Amino acid sequence: YKVTPYMKTYNVFNVSQTNYPEVQPEKWEKLKSQFVPPALKDEQGMYTMPLLDALIRERQWICPIYPRESDSAYYRRGEGCHIIVPLKGQFDTGESFYSTLLHEMAHSTGEVGHLEREKGEVFGDSKYAKEELIAELTSASCGKTMGISTCIREENAMYLKSWLSALSQDPKFIYTILSDVAKASAMIQEKVYGMEPKLSNDEKFLLAASQGDEDKLKELKEAGYNPSLLMIDRLNVNVSNNEGKEAVSKVFGIDFETNKTAEMSKEMVKPAEITMNI
């Protein structure tokens, strides 16, 4: 038999343009329940990278970065280029947020006037897949340098065929990729580490602690800084290495077992005596 395709148009309407909610209230409520967005996590209890936070806040990247409630992250090319990234509270972990952000920042480095990489025009073509590999490896490289635990994106499976095909056709493909990754990583790190003067004292404390930088912690203390209990709690989330915690404990006398400073432990308030007249 022969199949003859043909075009046909249909009129479609948004449900808000109908009387469906009034006619079928129970079905309407059931339908709405399928599209309720998950509750945002408390970002205060999530991993934070002060330098990247400052980069977003001070708008110092090569294009605007807009964290907003969204279903996906992307880099918009061309005139008015910008990066959209979902709110940190929408991610499972803070590390996933920064890993995704670095991925999109890597894409933006390839624009005209910067690294000027050749990019694909159609989703899934070889150039498109190559650009995705560059962005993913750049994210991993920068994440490692910044102390961010990055994860493999599920979308990468879509590009495996293109990557393997390119490798089989040109063994030097990987060297070209690594050269582009090195350039993009250097560009990102230069901008990110240049944000240190813009950090608040709390942010400087978290950064120095995560790096195990005892000298910078001493500078903060000598300048009169003392971390609050809130910052100590955030430190437990941000600093997983013993070196960082040991540096903080040595400089500020932090007792990580009780989340109290040694000085506070000495000055515990005695419970007041209450006299009841019967």
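Scanning the stretch 84-93 turns up no residue that is surrounded by 15 or more Cβ atoms within 10 Å (Cβ to Cβ), of a type outside the set (Lys, Arg) and either outside the structural domain of residue 184 (by TED's automatic domain parsing) or closer than 20 Å to residue 180 by Cα (or both).
Yes/no matrix, rows are residues, columns are (1) in a helix (DSSP H, G or I); (2) assigned by TED's automatic domain parsing to the domain that holds residue 51; (3) touching a Lys or Arg at 6+ places or on another chain (Cβ under 6 Å); (4) at pLDDT below 95:
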| residue | (1), (2), (3), (4) |
| --- | --- |
| 158 | yes, yes, no, yes |
| 171 | no, yes, no, yes |
| 175 | yes, yes, no, yes |
| 187 | yes, yes, no, no |
| 205 | yes, no, no, no |
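Looking only at the stretch 62-83, residues that are surrounded by 14 or more Cβ atoms within 10 Å (Cβ to Cβ), of a type in the set (D, E, K, R) and without any contact (Cβ under 8 Å) to a residue 24 or more places away in the chain come to 1 in all.
Is it fair to say residue 126 is more than 30 Å from residue 234 (Cα to Cα) and either modelled with pLDDT of 90 or more or touching a helix residue (DSSP H, G or I) at 6+ places or on another chain (Cβ under 6 Å) (or both)? Taking the combined requirement at face value, the residue satisfies it. Applying the criterion of at least 1 residues that are closer than 30 Å to residue 108 by Cα to the helices (runs of 4 or more DSSP H) found wholly in the stretch 1-85 leaves 50-57.
Entry remark, the stretch 204-222: residues being touching a residue at least 12 places away in the same chain (Cβ under 8 Å) and either over 22 Å from the mean Cα position of the chain (by Cα) or under 17 Å from residue 149 (Cα atoms) (or both) number 13 in total. Residues in the stretch 230-257 that are surrounded by fewer than 20 Cβ atoms within 10 Å (Cβ to Cβ), in contact with a strand residue (DSSP E or B) (Cβ under 9 Å, 6 or more places away or on another chain) and not in a helix (DSSP H, G or I): 253, 255. Out of the residues in the stretch 62-99 meeting the condition of being of a type in the set (Val, Ile, Thr) and at pLDDT 95 or above, tell me which one is nearest to the chain's Cα centre (by Cα). Selected residue: 85.
The values are calculated or read from the model by the stated rules, or taken from the named source; none is laboratory data. Keep in mind it's a predicted model, so treat the numbers as computed, not measured. Positions of Cβ are backbone-derived with ideal geometry, glycine not excepted, and every protein chain shown enters the neighbour counts.
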